[in-house]
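Read-outs: derived from the displayed coordinates by stated rules, not from any lab. Note that the coordinates shown come from a computational prediction; the quantities given were computed from them, not determined experimentally. FYI the Cβ positions are ideal-geometry reconstructions off the backbone, even for glycines, and counts take in every protein chain you see.
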């Protein structure tokens, strides 16, 4: 009996140590709280106290998990209700030139989350944007006027610019652990070796323990294994013309910003691609049908001009292909 008690105590100590390392509640304290909840009697219809059944106790101890719905039926169905608000979600751009589209989609989600939290305690909590120095050198810094025009008040937006990636990861963990922010956004460039699956899992566990969402904004990165429940690939899409009150469109105008999204990682095995436009005034997304698009995907890029060459010992831009006419030499 003594040996069994010592072994059980050793197991409890190991569980508590692992819980502290992962940022989860200590199992012994959680078990004690559960036993106290189970011991509390409830009043039945006849006024006689009796303990709750096991299923009822588990239902009461697990509240409904909130989600951030995008408002687009097809996308919310693929997300099984929306983005979880206690997990890691990854948003990546294919290249650094698409950093504006990925950042814009992330800010749109942040504005929608802040609007959803209005009237609650989370509404007073700001949003923290942590930009790695290497990422901000290429993608730039958030601009207060642009943030307001995108549907998010600058007063509710805080920004941190650590010099090193290790410092950025530490700030993200500390921000999640404090539970003082409605949303934490971590921006990195590419696929750095110092930010792999281990660091991703640690951040995901911290977000789960704190019950707060974390958006990983990967600028110009490739697909890689991570602990994110969902991963989006964001590309810029041609914007539609601005609609007029009579139902017509203003020719030559530029309407709401549009994104081409691909849900690369989810519980649904089939990837989903959809084009959305963001209405900053109403803070809502709207799907763009293929019949409304100025061009189908792949016909032409949303960027003007040809791509820059990879090598430095070439012309400043790739030469356009076309017919070459041969003229006779004049005497």
- Task: Sticking with the crude label model, points 7 Å out along Cα→Cβ, report the distance from residue 225 to residue 73 in nm, one decimal please.
- Result: 3.9 nm
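Just how many % of Cα pairs in the stretch 169-272 lie over 23 Å apart, if you round to the nearest whole percent? Numbers along the way, then the final one.
On the way: 2381 of 5356 pairs.
Within the stretch 169-272, distances greater than 23 Å cover 44 percent of Cα pairs.
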- Message: Calculate log10 I(q)/I(0) of the stretch 130-194 for q = 0.26 Å⁻¹, where I(q) comes from the Debye formula with a single equal point scatterer on each Cα and nothing for solvent.
- Response: -1.18
- Query: If you count the DSSP beta bridges with both ends in the stretch 68-287, what percent of them are antiparallel, to the nearest 5?
  - Reply: 45 percent
- Note on the structure: By the Kirkwood definition, with r running over pairs of different Cα atoms, the stretch 108-241 has a hydrodynamic radius in Å of 15.6 Å
- Item | Modelled FRET efficiency - R0 22 Å, residue 264 with residue 80, Cβ distances, 0.05 increments | 0.90
